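To start, the structure under review is shown below, and the notes come after it.
Read-outs throughout are calculated quantities, based only on the coordinates presented, and are distinct from any laboratory measurement. For clarity, every value in this text was computed on a predicted model and none was experimentally measured. Neighbour counts are summed over all protein chains in view; Cβ atoms, including those assigned to glycine, are modelled from backbone coordinates with ideal geometry.
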Amino acid sequence: MDRYDVIVIGAGNGGLAAACRILNSGKSCLVCERHNIPGGFATSFVRGRFEFEASLHEFNGIGTPEEPGSTRLLFEELGVADKIEWVQLRDAYHLISEEEGYDFVMPFGYEEFAKANNQLHPEGEKYIREFFGICQQIKDAMAYIGETKGKPDPKVMMEKYPDYLACGSYSVNEAFEALGYPKVIVDNLNTYWCYLGADGDNLSFLHYANMIYSYFSKGAAIPKHRSHELSLAFEERIHELGGDIWFNTEVVKILTDSEGHVCGVRLRDGRKIESRHVIANCSPHVAYGKLLDSAAVPERALKLTNFRKLAGRGFTVFLGLSKSAEELGLRDHNYFIYDTSDSVKQYASMKTIGNTAAQATVCLNNALPDCSPEGTAIVYMTTLFTEDEWSKISEKDYFKVKNKVAKSMIERFEKATGTNLQDHIEEIAIATPETYARYTGHPQGTVYGYESQYYDGLMSRIQMVEEDRFVPGLRIGGGYGERLLGYPSSYKSGANEAGRTLRDMEKEGR
């Protein structure tokens, strides 16, 4: 076909979800992907006898078939839920923070997590129950705002959701200061901060509380066959619905007509494919700065795009180890290892390459025992850099610097956990921000899109989603959309933009 109702650029998480929703409505859809496989970040790779997970640590919002979370419900709606085998994680995390001397494991589950906080403070359970009550009200308020299409009744909001209104403009740290919880309880609740990539002074409390509640009320899960299982499930569903995915196909230009409306795309080989609607699963920096002619991009779009701050740039060390997790003394799936639980101080230290002590480390075998050959283990360690320091490294020094950083991360983990990994490394792969930039096209190798700020976070972006649409016929889906980056958020953002595209088409009478 040389004409489609909708063209999706990029077969990453958001693009795949967008295509499924478009096709479920009976419209035609083409997905153009420059790589030879789907998934973007949601993929795996093989080194020696190990298959490594490229990026996924854990997945919130899944729940169980009996008590599904919001992401499982979305997957059911899109028709991919029955194509994925989920494994529920046993515990939430093992937190080790050097400054405070923390070393404890926290479980999933509302009741279990609340009671576990009594180990940290005599009244820990009381504080957690109060916190979860606030989280539930925030969740309910967000649902009500969605039901009213962003136009809630102020009287209803004041009567039913006063906590939501009270902390609506607060950062995470401002909210916890107002609540007056003991430091150890606040530090524990702040553990997941790096999963959103912004420190407590800048991260919206509403956004963070919503994420925390999702984790502890529904738990977390991972696909049994790595995140690429998700990508293949979506690819299969797209074909079932009659959609097209063209791999090794790069879109080099989004075309617009004389009135500035999208009218198609041009491919690397010169072909033109017609469509009045494009969903771009890529950075607005790429869409506005590379794919569109400058005359088609309003000045306000450029100002907003340049105003937003790129979030953390990823650095990951993938280890295939010649001993089992048990032999190595690794008992947990998810470790957070910090210099300090003060997220502001920790974030500041991540501006330079010299400090890599903040890391999230996964031992995959403690969730999937058979993920590697018997008697072996897979471990991967991730840290973030909050500035574009890697662009300053010369080509001559690049390998020396990345190996030095990787070694420091391994040594930091060994010191914190009392394990010995270095003597048992069989395979090692290292991904720097330059790696992520090359393979995903994300500016500066960011793995979290634009940074979530209290003035530019989840709620403000949802409320401004139509005002932030600048080119008729073009919508930005996935990790740079209103829900920000992350697996569940990217799928939901892609599906949401597809829904808005369908409404656009309905208004046009098409």
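Values as computed for the structure displayed
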{"quantity": "Size of charge dipole - the range 107-217 - debye, nearest 20, with Cβ of Lys, Arg +1 and Asp, Glu -1, no other charges", "calculated": "260 debye"}
{"quantity": "When each of K290/K492; K351/K400; K272/K507; K83/K253 is checked by Cα-Cα distance, pairs over 23 Å", "calculated": "K290/K492; K272/K507; K83/K253"}
{"quantity": "Cα→Cβ-extended label distance, 7 Å offset, between K507 and E99, nm", "calculated": "4.8 nm"}
{"quantity": "Within the range 177-193, backbone nitrogen closer than 19 Å to the virtual label 7 Å beyond the Cα of Q119 toward Cβ", "calculated": "182-192"}
{"quantity": "The chain, dipole about Cα centre (Lys/Arg Cβ +1, Asp/Glu Cβ -1), debye to the nearest 20", "calculated": "1420 debye"}
{"quantity": "Label point at Q463 placed 7 Å out along Cα→Cβ; residues across the range 174-190 whose backbone nitrogen lies under 19 Å", "calculated": "174-175"}
{"quantity": "Full-stretch length increase - L165, E111 - with 0.36 nm per residue and alpha-carbon distance subtracted", "calculated": "16.8 nm"}
{"quantity": "Computed label-point distance, nm, for sites V87 and H261 using a 7 Å Cα→Cβ extension", "calculated": "5.0 nm"}
{"quantity": "Helix-only [θ]222 nm of the chain, DSSP H runs n ≥ 4, -39500 (n - 2.57) each, per residue, nearest 500", "calculated": "-10500 deg cm²/dmol"}
{"quantity": "Computed lengthening from D140 to A295, 0.36 nm per intervening residue step minus Cα-Cα distance", "calculated": "51.5 nm"}
{"quantity": "Answer label for Cα extents along the principal axes in Å (calculated), chosen among (1) 80, 61, 60; (2) 64, 60, 45; (3) 88, 58, 42", "calculated": "(2)"}
{"quantity": "Dipole of the range 60-211, positive end: most advanced residue of F176, T148, F132 [Cβ charges, Cα centre]", "calculated": "T148"}
{"quantity": "Of all DSSP beta bridges in the chain, antiparallel share, percent nearest 5", "calculated": "75 percent"}
{"quantity": "For the chain, with +1 on Lys and Arg beta carbons and -1 on Asp and Glu, the positive-most of A17, G260, A287 along the dipole", "calculated": "G260"}
{"quantity": "Summed side-chain charge close to D468 - residues other than D468 whose Cβ falls under 12 Å, Lys, Arg +1, Asp, Glu -1", "calculated": "+2"}
{"quantity": "Residue-count net charge about D257 - beta-carbon cut-off 12 Å; Lys, Arg +1, Asp, Glu -1", "calculated": "-2"}
{"quantity": "Residue among L319, P433, A367 farthest towards the positive dipole end of the range 312-443, charges placed on Cβ", "calculated": "P433"}
{"quantity": "Approximate shape of the range 9-65 as ellipsoid semi-axes (Cα gyration tensor, √5λ), whole Å, largest first", "calculated": "26, 18, 8"}
{"quantity": "Kyte-Doolittle mean at least -0.5 and Cα axial length at least 24 Å: DSSP H helices in the chain", "calculated": "124-147"}
{"quantity": "The range 312-443: C-alpha pair distances exceeding 20 Å, %", "calculated": "46 percent"}
{"quantity": "Packing-based ranking, highest mean first, of 429-437, 378-386 given that Cβ atoms within 10 Å are counted", "calculated": "378-386, 429-437"}
{"quantity": "Residue-count net charge about G312 - beta-carbon cut-off 15 Å; Lys, Arg +1, Asp, Glu -1", "calculated": "-2"}
{"quantity": "Length-normalised contact order of the chain in % [C-alpha pairs under 8 Å, at least 6 apart]", "calculated": "23 percent"}
{"quantity": "The range 107-217, relative contact order [Cα under 8 Å, separation at least 6], %", "calculated": "34 percent"}
